[in-house]
Amino acid sequence: MKHFFYLCLSWLLALGLQEGMAAGFRLSSQDAFASGRGEAFAATADNPSAIYYNPAGLTQIKGLQARVGSYNIYLAPGFESNGRRFENETKWHVVPQVFTAYGFEKLPMTIGFGVYSPYGLGVKWAQDTGFRTIALQSKMKYITAHPVVALEVLPGMSIAAGPTFNYSKVDLRQGVFPVDAGDVFRFKGEDEDVGFTAGWRWQPHAKLALGAAYRSRTTMAYEGYTDLIPIYSHMDSRLRFPIPHNVVMGISYRPTEKWNIEFNADFTEWSRLNQVTLDQAFPLPPFVLNWKSSWYYEVGVTRYLDKGWSLSAGYIFNQSCMPDAFFNPLVADTDKHFITFGASWRGAKAALDFAYQFGHGPPHTVRGSAISAAGQSADGRYDFTSHAVLLSFQWRF
């Protein structure tokens, strides 16, 4: 199994996989058409990316279809304190994905397979922010290989399920002293785990569809090492890191064949991240997170035009999962608003989708955050800006 994970990792790295950042460390943008309509896609779910959004939607696909895409994002979370401003130093990120599905002509069944990154993180702060003993750099790469089976159990009603085979590696760093003296505490490790997803979709009427999907919890036990420079280096360590489950529910309404309007509510159990435990010969206390669960609220609309063209737009509100008392700039999560636009073309064999996504986090002042052993805190004013372009290409064999 490990060789299979490394094969998937190598393939994605060849396409330029880097880290991204959304709510917490979740990446919800996995397809240009879905993102163009504000990720409101759980009830529509009519292309192979349904493997991620709602696998029950795959029963709408007949024959063999393959879809590849890329989420290309510029991230600029910012921090201000004592009249000084700092921004994340790793701004550009690329997250590719691939999906394929085959719908049997004589059976009410579709099988699918996807490789994508549902989670990721990439933040690097300057040495003189005032919180270097709390946060310097975080990297998380997380790759999922995901086979699914979807069945139409009743006319218009489908269910789906499948395992997720997950590989992840992390690199987390913070300073030891308030002023840079070449010191750093670092953990680097990797692990694999298995979870599952399930989906349901019901279209009781040509104008109405309902959808829901579930992604299970997993727990990564990252095997690796810690460095505490200048005291020691490469001490064998294990970091136990819980990954939350999430549930999305959606309703799609088509007043005419030319319009599709959808609303989704998407819940992530971030409260599972209560604390993170680092096991090693030189013990350290658990790292307390105390995150809170949060929601995405997503609304999208698509207008279908002539000759295979369509235009989409959407809006997303994303709740922060980090209370001020446990705020950490390694994630720097705040409430966010996203506006999206998309354009698509569908031909007899090929399809092409483009989306633009703008994200804005209104300024949020953190007060009363936890103080590090060196006397620093994450208190200050945080904001968020992002720009993203998504491209997807699909081929019907």
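Values in this text are rule-based calculations from the coordinates and carry no lab data. What you see is a predicted model, and the numbers here were worked out from it, not measured in a lab. Cβ placement follows ideal geometry from the backbone for every residue including glycine, while neighbour counts extend to all protein chains displayed.
Tell me, what does the Kirkwood hydrodynamic radius of the stretch 90-141 come to in angstroms if you use every pair of distinct C-alpha atoms?
That comes to 14.8 Å for the stretch 90-141.
What FRET efficiency would be calculated for the residue pair residue 350, residue 194, taking the C-beta separation as r and a Förster radius of 41 Å, to the nearest 0.05?
0.75
How many percent of the alpha carbon pairs in the chain exceed a separation of 29 Å?
43
Tell me, in nm to one decimal, what length is gained between residue 288 and residue 311 on full extension, where the rule is 0.36 nm per residue of separation less the Cα-Cα distance?
3.8 nm
Pop out the ³J(HN,Hα) list for the stretch 363-376 in order, Karplus 6.51 cos²θ - 1.76 cosθ + 1.60 with θ = phi - 60°, rounded to Hz; leave Gly and Pro as x.
So the Karplus estimates, Gly and Pro as x, are x, 10, 8, 8, 10, x, 6, 4, 9, 6, 4, 8, x, 9 Hz.
Determine ³J(HN,Hα), in whole Hz, for all residues of the stretch 217-223 in sequence, where each value follows from phi through the Karplus function 6.51 cos²θ - 1.76 cosθ + 1.60 and θ = phi - 60°; x replaces Gly and Pro.
Values per residue, Gly and Pro as x: 5, 9, 9, 8, 9, 5, 8 Hz.
At a Förster radius of 51 Å, what calculated FRET efficiency corresponds to the Cβ-Cβ distance of residue 181 and residue 295, to the nearest 0.05?
E(calc), rounded to 0.05, equals 0.75.
Label 7 Å along Cα→Cβ of residue 127; the stretch 79-93 residues with amide nitrogen under 12 Å?
Under 12 Å, as judged by backbone N against the label point of residue 127, lies no residue of the stretch 79-93.
Taking a point 7 angstrom from the Cα of residue 225 along the C-beta vector, which residues in the stretch 176-193 have backbone N less than 15 Å away?
Answer for this model: 185-190.
Measuring from label point to label point, each 7 Å out along Cα→Cβ, what is the residue 275 to residue 261 span in nm?
4.9
Plugging the Kirkwood radius over Cα pairs into Stokes-Einstein for the stretch 247-338, at a temperature of 37 °C and a viscosity of 0.692 mPa s, what D comes out in µm²/s?
D = 202 µm²/s.
In whole Å, what three semi-axes, largest first, describe the equivalent ellipsoid of the stretch 290-397 built from its Cα gyration tensor (square root of 5 times each eigenvalue)?
The equivalent ellipsoid of the stretch 290-397 has semi-axes of 40, 13, 11 Å.
Please check which bits of the stretch 100-142 a label hung off residue 62 would reach, taking the label as a point 7 Å along Cα-to-C-beta and the cut-off as backbone N under 17 Å.
Backbone N within reach: 101-111.
Using only Cα atoms, tell me the angle between helix 2-14 and the longest principal axis of the chain; keep it within 0 to 90° and round to the nearest 10.
90
Distance cut-off 22 Å, Cα to Cα: go down the list 62/349; 106/258; 141/188 and report the pairs above it.
Check vs 22 Å cut-off fails for 106/258.
Can you give me the pair-distance distribution of the stretch 19-108, C-alpha pairs, 5 Å bins, whole percents?
Over the stretch 19-108, the share of Cα pairs per 5 Å bin runs 3, 12, 18, 19, 14, 10, 8, 6, 4, 3, 2, 1, 0, 0 percent.
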